[in-house]
1. Treat every Asp and Glu Cβ in the protein assembly as shown as -1 and every Lys and Arg Cβ as +1, leave all other atoms uncharged, and give the resulting dipole magnitude about the Cα centre to the nearest 20 debye.
2. Per-residue HN-Hα couplings for the stretch B:480-490, Karplus 6.51 cos²θ - 1.76 cosθ + 1.60 at θ = phi - 60°, whole Hz, x for Gly and Pro?
3. Taking the Cβ of each residue in B:101, B:151 as the centre, tally the other Cβ atoms inside 10 Å and list the residues starting with the fewest.
4. Enter the mean number of other protein chain beta carbons within 10 Å of the beta carbon of each residue in A:135-143, as an integer.
5. I need the chymotrypsin sites (Phe, Trp or Tyr not before Pro) found in the stretch B:135-229, filtered to DSSP loop residues with at most 16 other beta carbons within 10 Å of theirs.
6. What percent do you get for the relative contact order of chain B when only Cα pairs under 8 Å and 6+ apart count?
7. Using unit Cβ charges (K, R positive; D, E negative) and no other charged atoms, how large, in debye to the nearest 20, is the dipole of the stretch B:267-495 about its Cα centre?
8. Do any trypsin sites (Lys or Arg not before Pro) in the stretch B:44-84 lie in a DSSP loop with no more than 15 other beta carbon atoms within 10 Å, and if so, which?
Amino acid sequence: MEQLFFFYFAAVIAVASVLVVALRNPIYSALSLLIMFFHVAGLYVSLRAEFLAAVQVIVYAGAILVLYLFVVMLLNLKQDDRYHRQWPVAGVVGLTLAVEAVMLTLLKGRAIPPAPANTNETVEGLGNTEALGDALYSTYLFPFEVASLILLVAMIGAIILAKKDIGGSEA
Amino acid sequence: MTSYGADLLVILPELIVVGAACLLLVLEPLTPPSRKELLAWLSLGALALCIGLTGGQISVLNLRVSAFSDLVVVDGYARFWKLLLYGVTGLTILMSLPYLKAERLQLGEYYGFILLALSGMMVMVSGADLLTIYLGTELMSLSLYVMAGLKRSSPRSLEASAKYFVLGAFSSGLLLYGISLLYGVAGGTKLGAVAAAIGSRGFDDPLLLIATILLAAGFGFKLAVVPFHMWTPDVYQGAPTSVTAFMAVASKAASFAAFLRVFVEGLGGLKADWSNLFLLLCLVTLILGNLVAIVQTNIKRMLAYSSIAHAGYALIGLVAAGRGMGESGGASGLASVMLYLALYAFMTLGAFAVIGMFRKGGLEGEDIEDFAGLAKRQPLAAFLMLVFMVSLAGIPPTAGFIGKFYVFMAAVEAGLAWLAVVALIFAAISAYYYMRVVMVMYMREPDPSAGEVPQLVASPALTVVLACAVAGVILFGLFPNPLVSLALQSVLPLK
């Protein structure tokens, strides 16, 4: 049963992601992105990470996608097929790589991977949100802070690149 | 409640750099446009503090300290790269002072972003966990994307920024995919956990191979090795020259540092596999980088291809380390990579410093033809450029020769004499395009119809940068021993 759900979510994610880049109308692309986000959230639920699933829906499907749609509609993008000439090459290379990876995995077979550090029991004892918060603010404090620095850089960078008067012109 | 006092002390240099960057960003709107230079001096002060902190530990070079539940590690290897990165950043800031003035880009944020990029590089160098290394890479790259686009009046600069951003995001995706597969195989993202999983479970897992290839591709993009080099010429040409210098030297050094740590500390057990992979990458990089550089007419583009080729030479050291027999073989290969990048920093910074301030009526003289007759007009400037070109070509008695010498020696020791010979042939080919610049400077007269002749605009800060670069190139060319022994001492153990 779990496997069934996994393959359903995985297949839809893969197809929707391809559609995001393949569709010519930007609105359709954004909508397939939405489908993709929802199925990723589904994948999180099937992995019993409910908190992540909720965050995925609220942040990605809710906030970020609406922002995308605003930008697309404000800019009034026309259909653009400049980037669709490389499709045959991309298709051949992508398919070859995918087949190669699958063949390699199937032919050689693989051992069961070791269990990750946080097992289901710890998560269930603490509850999803608490376990995540605990890991983020203790073990993974440093990467967490670096990630916040990255967001700071992205924000200031966007402001600098977009602000009106440049350099000497104001002086 | 756990206290992080001791952990914070370990990352004190990072904290200083980030703190200074934030201070700069706050002070920027408060300083009048004519006094933005103060911000540069402030960032240089922060760097001096860091050099003092890290340099003070040189007597205990190989003391390994880890912090934040082993996600960060400060060892001799990290200290070596950090010292190099401080130096490169300091010289870049000095070089930017006159450059930004000439380009009328008086942006205080520029210095803030240099420091933020530096903090990302320091995280990469010190990361003992794939997650930390990845986040450091992102912090560095994101700052560089912005810096590449700072010259907003030029469409080239914006194109460079956009191209760098899109391709960089794509390569980050590959890197993350590799990391996630590795996490699936090893059950952890710490390099130690990955190494332990490989050691106990063997190398047969196909997912392990796929992960290795994806990691190599992700890092290959940051290192600009063929076939992941497509962005390099456009970005190097379009970005402001001081940023190009920073990308060509600091970002390459930091990426090499993280790359070596991941493959040696984490995937060291797979060295038989990855050394074959890198042998291939290194050969294509040498061939393509050197051959395409010949036909370039823009000097920034030529140096972009030359930096691709130099990444190829540095990769030889890693291949040799992977193939090395016994303990010593691996160590000398890795040390040669570290040495190569440290020496490469001086000559490339020097060359870009000259190009940035080589001006034709307010604009940059970017064409190789612009250098015609420079030896008659400004003999000193021409001589400096001659030194940097000779060093990049790897001709004694310059630092470039020492770097290549140790890399080739490592290859011969590892039983790859043929690779050393091939690389030597391509070094000879590279001499052609470096010497062409010299020839144009010394033997060609400038086109009389061209109007204003380009000049090197001197300034005190530029003099300091050029003096440091020339001193580095000549002194390390004649007396390489201190640097060689430092690299050998701080090298990572390859099992």
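1. With only Lys, Arg, Asp and Glu charged at Cβ, the dipole is about 1260 debye.
2. Using θ = phi - 60°, the values come out as x, 4, x, 5, 4, 6, 4, 5, 5, 5, 9 Hz.
3. By the 10 Å Cβ count, ascending: B:101, B:151.
4. Neighbouring Cβ atoms belonging to other protein chains average 6 per residue here.
5. In loop regions of the stretch B:135-229 (DSSP not H, G, I, E or B), the sparsely surrounded chymotrypsin sites (Phe, Trp or Tyr not before Pro) are B:203.
6. Contact order relative to length: 15 percent.
7. That gives a dipole near 200 debye.
8. Numbers: sites: B:64, B:79, B:82; in loops: B:64.
Sites meeting the loop and neighbour criteria: B:64.
Any read-out appearing in this document is the output of simple, stated calculations on the displayed coordinates, not a laboratory observation. These numbers were taken from a predicted model, which means no experiment stands behind them. Please note: Cβ atoms are built from the backbone with ideal geometry, for glycine as well, and neighbour counts cover all protein chains shown.
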